[in-house]
1. Identify, by number, the condition in (1) β-branched (Val, Ile, Thr); (2) assigned to a helix (DSSP H, G or I); (3) at pLDDT 90 or above that THR147 doesn't meet.
2. When you scan the range 24-77, how many residues do you find that are under 19 Å from GLY123 (Cβ atoms) and either in contact with a His (Cβ under 7 Å, 6 or more places away or on another chain) or of a type in the set (Val, Ile, Thr) (or both)?
3. When the residues of the range 59-112 are narrowed to those that are among the hydrophobic types (A, V, I, L, M, F, W, C) and part of a loop (DSSP other than H, G, I, E, B), which ends up surrounded by the fewest Cβ atoms within 10 Å (Cβ to Cβ)?
4. Restricting to the range 76-86, give me the number of residues that are of a type outside the set (S, T, N, Q) and modelled with pLDDT of 90 or more.
5. Suppose the filter is more than 16 Å from the chain's Cα centre (by Cα) and exposed (fewer than 15 other Cβ atoms within 10 Å of the Cβ); does ASP127 pass it?
6. In the range 7-47, which residue that is among the β-branched types (Val, Ile, Thr) and farther than 21 Å from HIS101 by Cα is most open to solvent (accessible area, probe 1.4 Å)?
7. Against the definition (open to solvent by 20 Å² or more (accessible area, probe 1.4 Å), at pLDDT 90 or above, more than 21 Å from LYS6 (Cα to Cα) and of a type in the set (A, V, I, L, M)), how does MET137 come out, yes or no?
Amino acid sequence: MATATKFEQSTALKESLEEVSAVVLMEFKGLSVSDTEDLRAKFREAGCFYKVYKNSVLKYAVKGTKHEPMESLLKGSTSIAYNTEDPGAPARVAKAFAKDHEDGFKIKGGVMDGSLLDVAGIGTLADMPGPNELKAMLLSLFNQPATSFVRVLNASATGILNVLNARKEKLESGDAAA
C-alpha cells in the first residue's frame, strides 16, 4: 500500500476517533467469508463502525491521542470497531460473536478514555447498560418517588374507608340482631 494512501486513511481515522470514547480491537484470522459478512452486519445493526486496517495505519491514527495505549495490541491481523454514541455497543457485538466463533475470532482488547482494556475489560464494557437502558433506569428513578407518594396518600384514604365500612357493617349487624 502506498504511503500516501496510508497517510490519508490514518488522517481520516484519527478524525473519526476524536469523538469516540471506546475502541475494540479484534483478530479475525480463520473466519470464513460468510462469518465475516455476518460480523459486519451485526456491527452495522448496532450502529457501529467496523473496519480492517493495516497496523501501521492504526499506529499513525492513534499517535498523540487518548487511544495511543492500543499500540501494544497492534500485532497480527487487526480490525477495529467503535460507536460514537454507545461505547459498549461494539464490545457487546464482539463478545457475542466471539462466543459463537471461538476458533477464528478473538478479541484483542481495546481502549476506553485513554485506559488500555484487556479481554476481561472488554467483557465488563459489554455488560454495561447502553444509553437507552440508562435513560430508562433514570426515568424509573424519577418516577418512583411520585408513585410512592401517591400510594401513601391513597393508603390513608383506603384505611379510613375500611374502618368506616367495618363500622357500618357492625351497626347493620347490630340492627338486624335487635
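The values are calculated or read from the model by the stated rules, or taken from the named source; none is laboratory data. All values reported here derive from a predicted model rather than from experimental measurement. Every residue, glycine as well, gets a Cβ built from its backbone with ideal geometry; the counts of neighbours run over all protein chains shown. The area values use the complete protein model at the heavy-atom level, side chains included, leaving out ligands, DNA and RNA. Shrake-Rupley method; radii C 1.70, N 1.55, O 1.52, S 1.80 Å.
1. (3)
2. 1
3. Out of the qualifying residues, it is LEU74.
4. Selection size over the range 76-86: 3.
5. no
6. THR11
7. no
Matching residues to (1) in contact with a helix residue (DSSP H, G or I) (Cβ under 9 Å, 6 or more places away or on another chain); (2) among the hydrophobic types (A, V, I, L, M, F, W, C):
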{"position": "LYS108", "(1), (2)": "yes, no"}
{"position": "SER115", "(1), (2)": "yes, no"}
{"position": "ILE122", "(1), (2)": "yes, yes"}
{"position": "ALA126", "(1), (2)": "yes, yes"}
{"position": "GLU133", "(1), (2)": "no, no"}
{"position": "PHE149", "(1), (2)": "no, yes"}
